[in-house]
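These notes concern the structure reproduced below.
The numbers here are math on the coordinates, done by the rules we state, and not lab data. Keep in mind that this is a model prediction, so the values were computed, not measured. Every residue, glycine among them, receives a Cβ derived from its backbone with ideal geometry; neighbour counts consider all protein chains shown.
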Amino acid sequence: MPVISMFYGLIVSMYYLDNKQHHYPHIHVKYQNDEAIFKIPDGVLLDGNLPNGKIKLVSAWIELHQDELMADWELASTGQKIFSIDPLK
């Protein structure tokens, strides 16, 4: 699972060919012992849990990088190499 960004202790990843279980474009986010899945491009929490402050950070980052995330999703869903995305600063 390629890591596409890391910021404030959050690790954001996107699986290749991962369009069956959640049926939406999405990212996987890990923070310490927590993990969550967020829908893109709108940032809705689909599954899992993170501290509220971290959820807000991920949602803000998704909003800033919607186009890049959707481009990576199109690549990943067909098994192609995806690109890193700038962290939240």
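The lysines whose alpha-carbon is closer than 20 Å to the alpha-carbon of Lys30, local same-chain residues fewer than 8 away aside, are Lys39, Lys54, Lys56, Lys89. For Leu46, the residues whose amide H sits under 5 Å from its own are Ile37, Phe38, Lys39, ignoring neighbours fewer than 5 places away on the same chain, with H placed 1.01 Å from N.
Of the chymotrypsin sites (Phe, Trp or Tyr not before Pro) found in the range 50-89, the ones in coil according to DSSP and having at most 14 other Cβ atoms within 10 Å of their Cβ are Phe83. Phi-derived couplings, Karplus 6.51 cos²θ - 1.76 cosθ + 1.60 at θ = phi - 60°, listed residue by residue for the range 48-65: x, 8, 9, x, 3, x, 6, 4, 5, 5, 5, 4, 5, 5, 4, 4, 5, 10 Hz, with x used for Gly and Pro. Label the chain by shape, choosing from rounded, prolate and oblate, from the square roots a ≥ b ≥ c of the eigenvalues of the Cα gyration tensor; if a/c is under 1.5 it is rounded, and otherwise prolate applies when a/b is larger than b/c, oblate when it is not. Note, shape of the chain comes out prolate. Over the residues of the chain, the helix contribution to mean residue ellipticity at 222 nm works out to -9000 deg cm²/dmol, using -39500 (n - 2.57) for each DSSP H run of at least 4.
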